[in-house]
């Protein structure tokens, strides 16, 4: 094939890619943070609540987990504003969607983590006279976070990759930037050849960082 | 609401495309991923490294980027695939990389003592695989893999971006005609939910059924 590669046009618009990469990371981080709050609250509700709360939490988790993310993105961005009186831009809409999505996955992680905290540690907390709230804050939650750390890292990496779906509602993250350059310069294969290692390198850097964190904090399961 | 009911036959034809593609992806990736998974566990070192590299690279990029790469990028190298084929190839590659990991994880989770015991009674490699390792590994492989099938069904929703008229694209087209998005998105979500919830329930059931295997 005599296709002439021309990376020059892509480099000329590299600001679109660097901006997109930063936005992707910001989106992933923000949604991860909000997802952790949602997941933690619902996991605690699920553990301590009655049958009705459990059913509601399970309904939320199962609904989100069994519907494609792209459909959820469309539903929140194009669908919701037609039935309730809300106005948001694409970025806010995507942050809302991905946070709810992350929350649904994290509920399960936190639930498993809370269940994995050994009885002995909790009983030790009782023995030194901690109240239930103190036991939760000083014993169960810190132990749980150390147990689920590897699982949290995986969720974060997945979220980082899922931010690419924001491109379908024109959020100018990395994939959108690549599509923009592809459409405007016709240098499609070049631009994808560049963003693939960008995603890989960033993902790998995050993995290395998180592994370091795990080495420091994770509980060795015996 | 009535438009949603009126559009059901059209959505079902989209669903047929979704399911056809999911089936193709699942079957092809099972064959490829199973082979490569065994290669990465038992193959010679260069082969192991190659397969590892393949699976790590593919799993490290967003599936959307892979789909665009195959559809918009490959034509420059002379491989010009129509949208359905391009989407299927991209999803098969992605699913294969995941299946490699499921297979590797399942086989390596079988305790070394099993292999040693089999060797000590004089079983050959093929016999060890057929009678000792694989019958146990398959029970570890099935639950995550069935969950992966649900992921494959969800993954096909992305191919609507290449103009393949799957369920997602069918929903978008009806929305484009009626300007009444909410009933259709909810209906589409309900259809996806029914299929995937069935699959994830099956996965949980299989996992419970085989939970007795300890090492």
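None of the figures in this text is laboratory data; all of them are computed from the coordinates on show. Please read these numbers as outputs of a predicted model, since none were measured by experiment. Cβ coordinates were reconstructed from backbone atoms using ideal geometry, including for glycine residues, and neighbour counts include every protein chain displayed.
How about the range A:35-151: which helices (runs of 4 or more DSSP H) wholly inside it have at least 1 residues that are within 14 Å of another protein chain (Cβ to nearest Cβ) and closer than 24 Å to residue A:214 by Cβ? Break it down into steps so the answer makes sense when it comes.
Values: elements: A:51-65, A:69-74, A:80-83, A:90-116, A:119-127.
Output list reads A:90-116.
Take the conditions (1) surrounded by 23 or more Cβ atoms within 10 Å (Cβ to Cβ); (2) within 14 Å of chain A (Cβ to nearest Cβ); (3) in contact (Cβ under 8 Å) with a residue 60 or more places away in the chain; residue B:95 misses just one of them, which is (2). Taken together, the residues in the range B:173-215 that are under 30 Å from residue A:85 (Cβ atoms) and part of a helix (DSSP H, G or I) amount to 19.
Consider residue B:88 carefully, then state whether it is in contact (Cβ under 8 Å) with a residue 24 or more places away in the chain, in contact with a helix residue (DSSP H, G or I) (Cβ under 8 Å, 6 or more places away or on another chain) and assigned to a helix (DSSP H, G or I). So residue B:88 passes the test.
Matching residues to (1) buried (at least 24 other Cβ atoms within 10 Å of the Cβ); (2) over 21 Å from the mean Cα position of the chain (by Cα); (3) under 23 Å from residue B:95 (Cα atoms); (4) free of Cβ contacts under 8 Å to residues at least 12 places away in the same chain:
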position	(1), (2), (3), (4)
B:159	yes, no, yes, no
B:171	yes, yes, no, no
B:182	no, yes, no, yes
B:187	no, yes, no, no
B:195	no, no, yes, no
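For residue B:81, all conditions in the list (1) in contact with a helix residue (DSSP H, G or I) (Cβ under 7 Å, 6 or more places away or on another chain); (2) more than 10 Å from chain A (Cβ to nearest Cβ); (3) part of a helix (DSSP H, G or I); (4) free of Cβ contacts under 8 Å to residues at least 40 places away in the same chain hold save one; what is the number of the exception? Just one mismatch for residue B:81, condition (3).
The residues of the range A:92-116 that are over 30 Å from residue B:189 (Cα atoms) and surrounded by fewer than 19 Cβ atoms within 10 Å (Cβ to Cβ), listed by number, are A:115, A:116.
Being surrounded by 14 or more Cβ atoms within 10 Å (Cβ to Cβ), farther than 29 Å from residue A:89 by Cα and within 14 Å of chain B (Cβ to nearest Cβ) holds for only one residue in A:202, A:193, and it is A:193. Checking each residue in the range B:169-180 for being more than 12 Å from chain A (Cβ to nearest Cβ) and over 16 Å from residue B:191 (Cα atoms) picks out B:173, B:177.
Select from the range A:152-186 the residues that are facing chain B (nearest Cβ under 9 Å), under 15 Å from residue A:16 (Cβ atoms) and either surrounded by fewer than 21 Cβ atoms within 10 Å (Cβ to Cβ) or in contact with a strand residue (DSSP E or B) (Cβ under 6 Å, 6 or more places away or on another chain) (or both) and list them in ascending order. The one that is facing chain B (nearest Cβ under 9 Å), under 15 Å from residue A:16 (Cβ atoms) and either surrounded by fewer than 21 Cβ atoms within 10 Å (Cβ to Cβ) or in contact with a strand residue (DSSP E or B) (Cβ under 6 Å, 6 or more places away or on another chain) (or both): A:182.
Name the single residue, out of those in the range B:154-168 being under 16 Å from residue B:85 (Cα atoms) and assigned to a helix (DSSP H, G or I), that is farthest from the other protein chains (Cβ to nearest Cβ). Don't jump to the end; show me each part of the working.
Kept after step one, since they are under 16 Å from residue B:85 (Cα atoms), are these residues of the range B:154-168: B:155-166.
Then keep just the ones that are assigned to a helix (DSSP H, G or I); that gives B:155-162.
Working: B:155: 8, B:156: 8, B:157: 4, B:158: 6, B:159: 10, B:160: 7, B:161: 7, B:162: 12 Å.
Applying the filter and picking the extreme gives B:162.
Scanning the range B:44-55 for residues that are surrounded by 15 or more Cβ atoms within 10 Å (Cβ to Cβ) and either in contact (Cβ under 8 Å) with a residue 40 or more places away in the chain or not in a helix (DSSP H, G or I) (or both) turns up B:51, B:54, B:55.
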